[in-house]
Each structure stands twice: as structure tokens, then as C-alpha cells.
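The structure appears right after this line, and notes come after that.
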């Protein structure tokens with residue numbers, strides 16, 4: 001639609017009628033959404049209907065905004081303000097080189113018992129949200145990924161190394177001072193876990209493309225008992 005076509009509907013009886021109809025739909029959708037939302041008590045089973053109601057509200061709001069633009073050329077809700085977000089991104093202050101330190105950490109863990117991991121995740125959820133119920137925990141944690149997320153939230157990432165059903169296989173840490181090349185630090189399997197402590201046994205990757213022992217690409221040798 002070119003600029004001329006965009007203004008063809010403004011101040012027309014058809015646009016006015018459509019605008020009023022969309023306004024009525026938005027008011028009704030808002031009332032329905034609020035009426036349903038104020039009955040919630042914080043249970044996980046209430047989240048699905050809430051999301052459906054919110055999605056309906058957003059859809060109706062977009063239709064209302066389009067109808068108002070067709071009637072008078074205004075965007076009252078600013079639902080399509082992507083340009084404003086881009087301007088905000090451009091205004092962000094750049095971090096001076098060497099003034100920021102980033103630490104990237106990766107663990108690979110074998111899943112030995114999926115049910116045990118999920119049970120640990122549900123227990124972690126209840127530790128973080130003691131007023132919630134076992135039903136809430138079951139609805140929230142239904143797979144290993146969400147279980148790991150709840151364990152990290154309740155007990156910190158190191159807790160994964162001692163979670164029943166998981167076994168730490170290998171890990172790597174990369175420390176980057178901005179403005180300098182990244183230097184990966186690698187750990188052996190025995191160094192990965194909640195009691196591993198500081199990266200005292202980490203070794204920087206060598207030059208010439210050589211792989212270091214403990215590199216994520218190759219399995220580190222088993223340590224003698």
C-alpha cells in the first residue's frame with residue numbers, strides 16, 4: 001500500500017463504522033481478560049488460560065490500532081513502534097575496550113535417569129516457591145530442560161553437578177576481556193562439579209590448532225582412582 005492508498009480510508013463513513021466496532025471489541029476483550037485474571041490465585045494450571053486470553057487481547061488491540069489509523073491516521077497504542085526500539089539501541093553507550101570482563105561457562109552432563117532429574121527439578125521449584133503446590137511443580141517441570149532451569153534458579157548452577165540422574169562429563173570456561181582475543185580454558189572430567197573450585201587446573205588452548213586435553217571436542221581420559 002503506497003502513501004496515497006493509506007489515506008484513502010481516512011474520515012470515511014466505512015472507516016468510522018469499523019473503528020467503532022473495533023473499539024467495542026477491544027473494550028469487551030479487556031473486560032473479559034481482567035475478569036478472568038483477577039480470579040487467578042497463582043497456580044500453574046491457570047497460566048494456560050491466561051496466555052490464551054492475553055493473546056486474544058493483543059490481537060484485538062492490534063485490530064483496534066489499525067482501525068484508528070484507517071479512520072484518522074493515529075497509532076494510539078504504539079504497538080508497532082519498532083523504529084523507536086531501534087533508536088533506543090543506537091543510543092546505548094558502548095563499553096570502552098578493556099573495561100568489561102565476560103565469563104562464558106559450558107558444562108556437558110550425561111542424563112542417566114530422566115525421571116530423577118525431573119523429580120529433582122520439581123523439588124527445587126518447591127524450594128524456590130514454598131507456597132506453591134506439588135501440582136504446580138508438576139505442571140511447571142515436565143522435562144529435563146525445565147528441571148535444570150529450576151535447579152539453577154533454586155540452588156545455583158553448581159548444583160547440577162550433584163543432581164541425581166545427571167553426571168558431569170566435561171566442561172569449559174572462556175574468559176574474555178573486551179578488546180583482547182578470547183582464551184578458552186579447559187577442564188578435565190574430574191574437575192567438573194560442585195566441588196571443583198576455582199579453575200586451578202585449567203589450561204589455555206595451545207597454538208597451531210592443537211587440541212588440549214579436556215577440550216570439549218574430545219573426551220578427556222579417565223582419571224585413576
(message) One residue is enough: does segment 28-48 have a residue meeting the conditions farther than 30 Å from residue 140 by Cα and either modelled with pLDDT of 95 or more or in a helix (DSSP H, G or I) (or both)?
(response) yes
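Every residue, every condition in (1) in contact with a strand residue (DSSP E or B) (Cβ under 8 Å, 6 or more places away or on another chain); (2) under 30 Å from residue 21 (Cβ atoms); (3) modelled with pLDDT under 95, yes or no:
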site: 69; (1), (2), (3): no, yes, yes
site: 78; (1), (2), (3): no, yes, yes
site: 82; (1), (2), (3): no, yes, yes
site: 94; (1), (2), (3): no, no, yes
site: 110; (1), (2), (3): yes, no, no
site: 118; (1), (2), (3): no, no, no
site: 137; (1), (2), (3): no, no, no
site: 155; (1), (2), (3): no, no, no
(request) All but one of (1) within 18 Å of residue 47 (Cα to Cα); (2) in a helix (DSSP H, G or I); (3) more than 17 Å from the chain's Cα centre (by Cα) hold for residue 132, so report the exception by its number. (result) (2)
(message) touching a helix residue (DSSP H, G or I) at 6+ places or on another chain (Cβ under 7 Å), assigned to a helix (DSSP H, G or I), under 19 Å from residue 111 (Cβ atoms) and touching a residue at least 12 places away in the same chain (Cβ under 8 Å): which single residue out of 148, 168 fits that description?
(response) 148
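The values are calculated or read from the model by the stated rules, or taken from the named source; none is laboratory data. Since the model is a prediction, treat every value here as computed from it, not as a measurement. FYI the Cβ positions are ideal-geometry reconstructions off the backbone, even for glycines, and counts take in every protein chain you see.
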